[in-house]
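Heads up, the thing below is written out as C-alpha cells.
We did not get these values from a lab; they are worked out from the coordinates using the rules stated. All values reported here derive from a predicted model rather than from experimental measurement. Note that each Cβ is placed from the backbone with ideal geometry, even for glycine, and that neighbours are counted across all protein chains shown.
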Amino acid sequence: MGRPDPEEGQLPAPVKPPDGGWGWIVLLGCFVITGFSYAFPKAVSVYFKELMKDFHVGYSDTAWISSIMLAMLYGTGPVCSIMVNQFGCRPVMLIGGLLASAGMILASFTTNIIELYLTAGVLTGLGMALNFQPSLIMLGTYFDKRRPLANGLAAAGSPVFLSSLSPLGQVLLEKFGWRGGFLIMGGLLLNCCTCGAVMRPLDMGMKRKMGKAQDKYEAKEMLPIGGKSEEGISTTDGTKKGKKAKKKPKKGKKLLDFSIFSNRGFIIYTISKFILVLGLFVPPILLVNYAKDTGVPDTEAAFLLSIIGFIDIFARPACGMVAGLKWVRPHVAYLFSFSMLFNGLTDICSARASNYTGLVIFCVFFGISYGMVGALQFEVLMAIVGSQKFSSAIGLVLLIEAFAVLIGPPSAGRLVDALKNYEVIFYLAGSEVVLSALFLGVASYCCLNRGKKEPPLENNPTAGAGSDTEEAESDVQEAEEHSSDNHQPAHSTDSAVVVASEEANHVAEEQRGEGGGCPAGDGEVLARDGCNADQMVERDSF
C-alpha cells in the first residue's frame, strides 16, 4: 500500500543522493541563490551616485552598504549553521528570502544613510546569508557522483547574475529612481522564497510520518470495526510513542559541531582560504581605476569587468566537469591548489601591463582562474568534512573568511592612497594567493597518510543514519506485531495477510518455547519479549 511490505524481510536502505531527478530543480534554486548572494552587493553600487546626492554623503559612506551585505553574508555563517541544524534548510531559506526582500523594500522608504545600513545592509545581507548556506548544503545532499559538476553549475550563477543585475539596476534607476529601483529589487528577492520552497529534504523524516499514517489506515482495514479497531490503533500509537520517547535522546544533534577542528584537512583548508581571500578580491576591485590611470577610456575600462564575467560563466561549469572525472576527483584538493596558483601568477604577471591589450589578456586569464577557484572552493570543503558535517564547517569557514574580507580590500585601498602605485598592490595580492596555493598543496601532500585513513571514518555518520532508519522501521514492525498478537484479525478482508500472520505467530511461539531465540527466516521480522530491536537489526544485516 505505498510502502515496502514488511513481510519481505527487507528494511529500507538509508537515503542516497539521487544525483539527478529533483536534484536538478535544487541545482536551479542554488544557481539563483548563488547569483543573488554574490552579485547583489555589487549590483547595488549603480545606485550610489544618486544616494550621495540625496543624503549628501561621500562615496565611502555609500560603499559601506555593499560592505555590510558581504560582512553579513560571511560573518553570520555560524548562526546559519545553528539554524539549519535546528530547523532544517527549507524553513531557514524561506525566512531568509522574506528578510532579504523586506530589507530592500524598507530601504526604499529610508530618509538617511544609517537607515540604509540597517535595512539594505544588515537585513538584506542577513536574508541572503540565510539562503546561501542552506542552498549549498542541499546541493551536497542531492548530489554525490555529479557533485563537482553541480557545484560548478551553481557557482556560475554569480557571473550570470552580475552581468544581468547591473544593467537592470541602471534601467530601473533611470525610469523609477533609486527608491523605485530598491522596491522592485526587493520584489525580485522574493524569488529566494521560491528557491527555498523547492529544497525538499532528502531524509527519512517524511517517510516516517507517511508510514505512521499508513499504519493507522492498515490497522483500520485489518482489524474488526468498532472498539477493538480503535483499541488496536491506540495500542500501536502508544507503543510507537513509548519507543520514540526512549530513543529520542540518541538522536540529539549538535547545533554547531566543533569537532571538525580535529580534522587536519579542515584546518589546512581554513588557513589557506583565509590567506586566499586576503588577495583574491583585490584585483577586480582596483582593475577599473588601474586601467584609467594607464590612460584607458572610461567605457573601455568598465568593459574589462564584463570580460572577466563572461569568461567566468564558462570557466566554472567546465572546471566542475573536469573535477568530476574519476581520475581527477580523488585529487581535487591539488586541482584547487593549482587554480589558486594560476590566479596568483596571473596577478603578478599583469602588474606591469601598460596598455589596453595587456589588460584584456589579464582579464581572460583572470576570468579562467577565478572561475576555477569559485567552482572548486566548496567542493573541496565537502570532500574534506563530508555532507554530515558540512553545515557546521561552512559556517565556521565563512566566519573566518569574513575577517579576511574586512582586512584585504580596505588595506589595499589604503596602500594605493599612500603609495599611488597599483603595481605594488597587484604584486602583493598575487603573492598572497600564491602563498595560499603553496600552503594547501604542500600541507595536503604531507598529510596524505592521514587522509587515507579518514574516508572509512567519514562513512560512520551514514552508517549511523542507516541504523536509525532500521531501528525506526523495526519499532513500527514491533508495534504492528504487538497489536496483531492482542487482536487476531479474524474478520480481515485480506485472507492472505491473516494466514501469513498466524503462521508467523505460530513459528515464533514454537521457537520461544524451545530456546527463547528470535525467529529467523525469509519471512516477516518479529520483535517479541525475547527479541529486541537491536537483535533484529543485527540479524537482518546478515
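Relative contact order, whole percent, for region 16-222 stands at 38, derived from Cα pairs under 8 Å and 6 or more residues apart. Measuring r between the beta carbons of residue 49 and residue 262 and using R0 = 51 Å, the FRET efficiency lands at 0.50. Evaluating 6.51 cos²θ - 1.76 cosθ + 1.60 at θ = phi - 60° for every residue in region 428-439, the Karplus couplings come out as 5, 5, x, 5, 5, 5, 5, 4, 5, 5, 5, 5 Hz, glycine and proline recorded as x. Could I have the simple spin-label model distance between residue 414 and residue 190, label points 7 Å from Cα toward Cβ, reported in nm to one decimal? It is 4.4 nm. Given their separation in residues at 0.36 nm each and the Cα-Cα distance between them, residue 352 and residue 423 gain 24.9 nm when the chain is fully extended.
Note that region 326-343 has calculated 3J(HN,Hα) couplings of 5, 8, 9, 4, x, 10, 5, 5, 6, 5, 5, 5, 5, 5, 5, 4, 4, 5 Hz, one per residue in order, obtained from phi through the Karplus relation 6.51 cos²θ - 1.76 cosθ + 1.60 (θ = phi - 60°); glycine and proline are x. Taking a point 7 Å out from the Cα of residue 306 in the direction of its Cβ, the residues of region 151-195 whose backbone N falls within less than 18 Å of it are 159-174.
Here the Karplus curve 6.51 cos²θ - 1.76 cosθ + 1.60, taken at θ = phi - 60°, turns the phi angles of region 267-282 into couplings of 4, 4, 4, 5, 5, 5, 5, 4, 5, 4, 5, 4, x, 5, 8, 5 Hz, with x standing for Gly and Pro. Full extension of the segment from residue 292 to residue 334, taken as 0.36 nm per residue of separation minus the current Cα-Cα distance, would add 11.5 nm.
Among residues other than residue 145 with Cβ under 11 Å from its Cβ, the summed charge is +3 (Lys and Arg +1, Asp and Glu -1).
When the listed pairs 175/420; 49/273; 16/42; 49/292; 42/145 are checked against a 29 Å cut-off, the alpha-carbon distance exceeds it for 175/420; 49/273; 16/42; 42/145.
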